[in-house]
Amino acid sequence: MTETHCPYCSLQCGMTLNRSGRTLEVQARALPRNVHSPSEEGALCRKGWTAAGLRGHRERITTPMVRDRASGAWRAVEWDDALDLVAGRLAALREAHGPDVNAVFGGGGLTNEKAYQLGKFARIALRTSQIDYNGRWCMSSAASAGNQAFGIDRGLPFPLADIEQTDVVVLVGSNLAETMPPAARHLDRLRERGGRVVVIDPRRTATAERADLFLQPVPGTDLPIALGVLHLLDAAGAVDEEYVAARTSGFEQVRQSVTGWWPERVERVTGVTATELRELADLLAGAERVMVLTARGAEQHSQGTATVLAWINVALALGMPGKPFAGYGCLTGQGNGQGGREHGQKADQLPGYRMIDDPAARAHVAAVWGVEPEVIPGKGRSAYELLDALGTPEGPRSLLVFGSNIVVSAPNARHVTERLESLDLLVVCDLVMSETAAIADVVLPITQWAEESGTMTNLEGRVILRQRAVTPPEGVRSDLDVIAGLAERLGAPGVWSTEPEEVFGELRRATAGSRADYGGITYDRIRAEDGVFWPCPDLAHPGTPRLFAEAFATPDGRARAVAVDHAGAAEEPSAAYPLHLTTGRVLAQYQSGAQTRRIKDLPDDGPFVEIHPLLAGRIGAVDGDLVHVATPRGEMRAPVRVAETIRPDTVFVPFHWVGANKLTNDALDPSSRMPEFKVCACAVSVAPAAGRAASQQRGTAAGVRG
Ligand code: SF4
C-alpha cells in the first residue's frame, strides 16, 4: 500500500495505491482537515479514480525511438545510442551556432525535482538561455499580478478549505465543479453555512449552477466588471479606508481610474446588466469576509495581468487580503503548476523565484551548482515567443520537450507545429506517442506517476510527496535519468543525481533564503505532516499556510494597488468573424488529453462545438450536426452541441483534442506573456460536407456572416 497523490490537477487529491497481482487499485485518501481534502473520507474525481489506466497501456513506449525524416519510419534504438545521438547533435549545434541554438521546453506537471533539474540542465549543461515551459500558458498572468500587488506569487495564500468560512466567494472565470470536482464541496459547505457564491463566466457551467449570483459577460470583459464593481463600492462608501490607508499604496490612483466606469457603461461593454452589477456590489459591500478567486477564464487574455490586478483592487478596497478566510487567490490548473514555476523552468527565473538578472541570486545558485555566476546565461524567451522563434535565423534549431504536448496545447497551433517541423532536432520525452512526439526526431520513453517519486506543490503552496508504488516497465527511464545522461555526455559541471530525494536536497539549498524557501522541508517531514506549506526556511519552522496577516512581501510591506484600464480583446469580432470563440475543459479530460484520452474508463466523445439555440437556428444546425469553425489562424470541424447555457454570441470548444488551438490567438499579455487563449473572433457554419438531409432540407449552410 502506497500513500500518494493524483497524477493530474493542482488539487493533488490524496490517494492510496494497492497492488493486487497486476492490478493497481486506487482509493481516495483523507488528508488533514482544513487543508484541501473536502471530506474526512477523502475524495477523487473520475480522472483520479481511473488514474491507473495507463499502466500497462498498449500504447506505452518502452524503448527509445528515432525517426528517419525522409521515410518517416521509426526505429527502436538502445538508450546509450539514443543519448549519444541527442548529446552529439546538441553539442554540434552549439559548436556551430552558439549555446542559444538549443532550447528546452518543460511542463507544469513535472515534479519539483524535475523542474529544478531541467532549469539547471539548460543553464549549465547546454548553457542556453532558451528555456520556458507550458505553465506560462496556465497561471502566469495571476503570477505577474500577484508579484506586482503582493510581492510574491503563491496561487492561494490560504488553504482552499478556507472557502467554507468566508461569507462571499467570487469565482471569476473558474469552472471548479468540472475541473476539480472534489473542491466544489467547499462551495456547497459555504452555502450550507449561509454564505454566497458568485460565478462570472460566459457559460452557465456546473459551477454556475451552484451560484447565488451568476453573471454571464462577453468573453474577455472580466476586467471592466471589476472596474464597475469598484466604482460602485467607492460611490457607496464601502471602501475600507482604514485598511487602505494602513496596508496599501497607490489606491488613490486606482480610485481615480474607476470613476468613469459607471454601471451602464459596464453593461454596454460586458453584457452584464447594471442591475446585476449593483447586486454584486451590494453583496460585497455587506459582507464581512470576501474571497475573490480567478482562474484561466479571467487570466488567459492579452489583458490577463490587468484583469487580475483589477480584481485584486476590489479585494484590497474591501480590506480582505491578509484577513482570515478572505482575500484574493488564483486557482492553479496543472498538477505542479505552482511548484513548476518556482524552480527555474521560467525563462527569467532561477530556483526559489530568484530573478536571473539579480547578481546576488546568480551568485547563490551558482554556488549550489558548483559553477561561477558568469556561467549562468541571462533571460530567455517566454514560451510562445520561444516556439515562434524555432527554426528562424535568430532562433533555436533544436528543442528538448519534457512534460508537454505542444502540438495540442500551444495557441495558434498550426503555426507552432510548422515551427517545430522546421527544427534540425526535436526530442520529446513522453510515455506515449503524443501528437508532439509523433513529429519528433527522437522520442525517449519515460516513467510516469506511480513508477517514480517526487514532490509536487499544490494550488495552496503545500509541498506534497508522490511516492513510487510500482516498478516501471522494462526499458523506460525517469526524466532525471535522461537529464543526467545528457549532462554527463555534454561534459556538464556539477552533480546530476537521478535520485529524487537527493535532487530535492539540492533544491532546498538553492531555494534557501528565497521567497519560495523550501529549506526546512524534507521527504520525511512531508510524510509525517502530509505536506508542508512554503515558505519554510528551517526544520523547526511550521510552514506557512496563510500569508499576509502582518505584511505583504513588498519592500514596504504594503500591497500595491495598481491602476489598470480595459483595452478589450486583441481580436474583436468582425464581418468575416462575427462571434466570440472561447475554449476550456470538460470533466473527463485533462489538459492536452495525452493521458486521459487513452484511459478506457474515461468517456472520450471527441471534440465538439457548443453554441446557443439562437445561433444554431441562425446557421441551421441541430444537435450533432458537423459544423465548421474558423478564425484568421485556422479551422476545425466537430459535431455541434446546442446548449442554452452559453451566450448566443459565443462559441465554445474544449481544448483536449487537436483543433481548438489551431483557432486560438497568440496575442500576448505584455507583462506575463500569456497568450489570449480565452477569446478571439470566429465564424461558424454547418460544414458543407456534412450532407445531412435535415440541413439540406433547411437549405441553410451559409453560416452567420453578415
Ligand atoms: Fe485528480 Fe484533480 Fe480529480 Fe483530484 S480533482 S482526483 S487531483 S484530477
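The values are calculated or read from the model by the stated rules, or taken from the named source; none is laboratory data. None of these values were measured; they are calculated from a predicted model. Counting neighbours? That spans all protein chains shown, and the Cβs are built from the backbone with ideal geometry, glycine included. Heavy atoms of the whole protein, side chains included, go into the accessibility calculation; ligands, DNA and RNA do not. Shrake-Rupley method; radii C 1.70, N 1.55, O 1.52, S 1.80 Å.
Given charges of +1 on the Cβ of Lys and Arg and -1 on the Cβ of Asp and Glu, with all other atoms neutral, how large is the dipole of the chain about its Cα centre, in debye to the nearest 20?
1020 debye
Suppose we flag GluC sites (Glu not before Pro) only when DSSP calls them loop and at most 16 other Cβ atoms lie within 10 Å. Which is the longest uninterrupted stretch of the chain?
The answer is 79-287.
Which value in deg cm²/dmol, rounded to the nearest 500, describes the helix-derived mean residue ellipticity at 222 nm for the chain, given -39,500 (n - 2.57) per DSSP H run of n ≥ 4 and division by the residue count? Please list the in-between numbers first.
Working: 24 runs with 204 residues, N = 706.
Value at 222 nm, helices only, nearest 500: -8000 deg cm²/dmol.
Please say if region 140-330 is rounded, prolate or oblate, where rounded means a/c under 1.5 for a ≥ b ≥ c the square roots of the C-alpha gyration tensor eigenvalues, and otherwise the choice is prolate for a/b larger than b/c and oblate otherwise?
rounded
As an exercise, use a Förster radius of 22 Å and the Cβ-Cβ distance of E252 and A567 to find the FRET efficiency, rounded to the nearest 0.05. Could you put the intermediate results ahead of the total?
Details: r = 22 Å, r/R0 = 1.01.
Using R0 = 22 Å, I get an efficiency of 0.50.
Of all beta bridges DSSP finds with both residues in region 579-705, what is the antiparallel percent, to the nearest 5?
Details: 15 of 23 bridges.
That works out to approximately 65 percent antiparallel.
Can you classify region 512-612 as rounded, prolate or oblate using the Cα gyration tensor, where a ≥ b ≥ c are the square roots of its eigenvalues, rounded means a/c under 1.5, and otherwise it's prolate if a/b beats b/c and oblate if not?
In terms of gyration-tensor shape, oblate.
Given Cα pairs under 8 Å that are at least 6 residues apart, what percent is the relative contact order of region 319-464?
Once normalised by length, the contact order is 20 percent.
How much length is gained if the chain between E550 and A575 is pulled fully straight, taking 0.36 nm per residue apart and subtracting their Cα-Cα distance, in nm to one decimal? Working shown, then result.
Numbers: separation 25, 0.36 × 25 = 9.00 nm, distance 5.32 nm.
In short, 3.7 nm is gained.
Length gain on complete extension for the stretch R414 to E25, per 0.36 nm per residue less the alpha carbon to alpha carbon distance?
Length gained between R414 and E25: 136.1 nm.
Roughly how many whole Å is it from the C-alpha centroid of region 534-606 to that of region 271-320?
Here the answer is 15 Å between Cα centres.
List the trypsin sites (Lys or Arg not before Pro) within region 595-667 that fall in a DSSP loop (any state other than H, G, I, E or B) and whose Cβ has at most 14 other Cβ atoms within 10 Å.
Details: sites: R597, R598, K600, R618, R633, R637, R641, K662; in loops: K600, R633.
For trypsin sites (Lys or Arg not before Pro) across region 595-667 that sit outside H, G, I, E and B with at most 14 neighbouring Cβ atoms in 10 Å, the list reads K600.
Carbon and sulfur: what percent of the chain's accessible surface (1.4 Å probe)?
C and S atoms contribute 48 percent here.
So for region 462-561, considering every pair of alpha-carbon atoms, how many percent are separated by more than 17 Å?
Summing the P(r) of region 462-561 above 17 Å gives 64 percent of all pairs.
Normalised by the residues of the chain, what does the relative contact order come to in percent, with Cα pairs under 8 Å and at least six apart?
19 percent
Classify region 74-222: rounded, prolate or oblate, from the alpha-carbon gyration tensor (a ≥ b ≥ c, eigenvalue square roots; a/c under 1.5 rounded; otherwise prolate if a/b is larger than b/c)?
In terms of gyration-tensor shape, prolate.
Rounded to the nearest 5, what is the percent of antiparallel bridges among the DSSP beta bridges in region 342-501?
Approximately 40 percent, going by the DSSP bridge assignments.
State the antiparallel share, in %, of DSSP beta bridges confined to the chain, rounding to the nearest 5.
50 percent
Taking the Cα centre of region 140-330 as the origin and placing charges on Cβ (Lys, Arg +1; Asp, Glu -1), which of Q256, G228, T307 is farthest toward the positive end of the dipole?
Result: T307.
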